[in-house]
Every structure is written in structure tokens, then in C-alpha cells.
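The values are calculated or read from the model by the stated rules, or taken from the named source; none is laboratory data. Since we're looking at a predicted model, the values are computed, not measured. Here the Cβ positions follow ideal geometry from the backbone for every residue, glycine too, while neighbour counts run over all protein chains shown.
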Amino acid sequence: MAFGIDITLMSMCYIAIALVIGALLLGLISLQLFIYFTTGVCKSKRKMNGKTVLITGCTSGIGKETARDLAKREARIIMACRNVDAATKLKDELVNDTGNTNIVVKKLDLSSLKSIREFAEQINREEKNVHVLIHNAGTAETFKKKITEDGIEMTMATNQYGPFLLTHLLIDLLKRSAPSRIIFVASELYHLATLNFDNLNPTTTFPAYLYYVSKYANIVFTLELARRLKGTGVTANCLHPGMINSGIWRNVPAPLSWGLNLIARGFFKTPVQGAQTSIHLAVSEDLNGVSGKYFLDCREYGLSQGVSDPAKGKKFWECCETITKMKATDPKI
């Protein structure tokens, strides 16, 4: 009799385990379907013939897929990358994939003010137009603190201060190319941070937090940029691409990376999915004249009151001018 009871209990345990596993699988499938059906897709079929698009940091992730899509649309692509060898290999891949041979690679290290100035001087000298500037490049560290040759914290230099200077140095070209667009890849992670105006070059702060700060800064800068560019024919917008399974997480150390990689592979967007909002902002005719907005999944999205404060934008702008060592002879916005 006891033997029969044991078998019954074992059977019930197996059934319970099977139900739990089934429920987990159903939940995972449901989550995947939710992600799939709520992920924004750029629906514009617009060709970009005759348009020049400059993309920073496009050798991997969403930058790579943004470049691929715009190359298919027959745009002239300027790949502004720190790793020229990787960019050159990607250029050959894109030419083979799209048939678009109008793709060039230029050296740009956004953590170096010298590199930015040399790059901008070359672009202004060689290019007749830049119709779309996509600030896609970004870096993220977890614990390793780095300071650039200019004495600026590496994450903030690459993600915010470098793009700030580059935008200024190219602004006259963008104005001559109007209607033109400036696009910043920001992040919803801005909600986890704020700007400390007493320490805008936080060289002793853990860089994991500074990634969030840099995304907050991107949005503050974009909104102020849009205000200053009103009436020029140049628009400025920013976006959250979603959480992406891409190289941005490669600097997360083990064992933190183990769990993150599993989550990223199972639930984060692919680079193709993550690139959709960048592409939408670059090509959609529905966005002609739209400026100073934040987008998520190819739709306009709200921002917190703090990040939208115009007084904060003006103050931060002036601080950025000091940190990037803007010169009296530099173009002004």
C-alpha cells in the first residue's frame, strides 16, 4: 500500500514539475511574442538617392544595421569610426550586399578632441553636403575608469562631449544641406540618472552609472540643440533603440556578463530591430520639420520634466562649451 502511495506522490511531483516548466515556457513564448509585436518597424520606403548620411560608430550593432539599410536606399554613407580596419571590412560587406559603392570610411575617435577637429576639417573640405548626421557611437564600461588625453572621463567624452563638439564643427555644412537632420541615439536608461552640474567631468565615478548620465546628457543636449536650430532647416531628435543584444555589453565583466548574456539573447532586440527607430528618424517624410522630440519604437514618446527643462539645457550647453574647449573661431549654434 505504501509503495502505491509513493508512486502516486512521485507522479504528482512529475506532473507539478511539468506544469511549472510548461508555465515558464508559455511565459517566455508570450514575452517573445509581445516583444515581436510591439517592436517598431520603419515603414517608409523612401529612397535616399543624392543624400549623404554620416554615421558614427557603425562597425557593429544597430549602427551597422542602420548603415546597411541606408546603403540599400542608395544614400552616400560616411562611416565615421575609430577602428578603420573593421570599418573597411564592413564597407566591403555593405557594397557586396547592397550594390552601393558610394560608401566611404573616415577615421574618428570621439574621445579625442584633436581627432574630432581633424575629422571635421576633412569632412568640411571634401563633402558638399551632409543631410543626416547620426550620433550612434557609444561606449559603456562597468568598473574600469578611464580618462582621455584631454583629461575628460572616457564615457562622457565619447557619448556626449565628443558629439557636442562634432555637431558644432559640422553645423555650417548641415545648414547648407538643409533640410537636414541630426539624430542622437539616447536611451530610456536616462531615468536612472541626472546631471550633477558641480561635477560634469566625473573622473572618479564608476562608469557604469556614467553611461546612464551620458544618455541623460544626450537628451538635454538634443532638446537645447533643437531650440537653437529653430528656423534653420536643421532638425534635431533623439531616440531609445530598445535594449539591444549587441557589442555595447562586451565590457561587462564575468560573472555579471553570464546572466546578462542569457537575458540579452533571450529578450533583447536584435540589432536589426534596434536600428528601426534610427532609420525612421533618418528617412521618414512624416518627420519633415519635426524637431526636439524623443522617439521609441518609431513613435514619439514622452520625457520626464527634469530632462526637458530649458534652463537646464542652456546651462549644460555652456558647460559643454568649456569642457570641449570651444574656440572663438569655431562655428556657433
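Things to note:
This table checks each residue for (1) at pLDDT 95 or above; (2) under 15 Å from the mean Cα position of the chain (by Cα); (3) among the hydrophobic types (A, V, I, L, M, F, W, C).
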{"position": "Y209", "(1), (2), (3)": "no, no, no"}
{"position": "T222", "(1), (2), (3)": "yes, yes, no"}
{"position": "G231", "(1), (2), (3)": "yes, no, no"}
{"position": "C238", "(1), (2), (3)": "yes, yes, yes"}
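For every residue, the table says whether it meets (1) of a type in the set (G, A, S); (2) within 19 Å of the chain's Cα centre (by Cα).
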residue: A75; (1), (2): yes, no
residue: N83; (1), (2): no, yes
residue: S111; (1), (2): yes, yes
residue: S115; (1), (2): yes, no
residue: L133; (1), (2): no, yes
residue: A157; (1), (2): yes, yes
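- Against the test of being touching a residue at least 60 places away in the same chain (Cβ under 8 Å), hydroxyl-bearing (S, T, Y) and assigned by TED's automatic domain parsing to the domain that holds L166, the options T88, T98, T66 yield a single qualifying residue, T66.
- Some residue of region 88-102 being crowded, with 20+ Cβ neighbours inside 10 Å, under 19 Å from the mean Cα position of the chain (by Cα) and part of a loop (DSSP other than H, G, I, E, B): no
- L189 part of a helix (DSSP H, G or I), touching a Ser or Thr at 6+ places or on another chain (Cβ under 7 Å) and among the aliphatic types (A, V, I, L, M): no
- Candidates L239, L200 - the one that is aliphatic (A, V, I, L, M), assigned by TED's automatic domain parsing to the domain that holds I152 and buried (at least 22 other Cβ atoms within 10 Å of the Cβ): L239
- The residue of region 124-137 that is surrounded by the fewest Cβ atoms within 10 Å (Cβ to Cβ), among those that are under 24 Å from L281 (Cβ atoms) and out of contact with any strand residue (DSSP E or B) (no Cβ under 7 Å at 6 or more places or on another chain), is K128.
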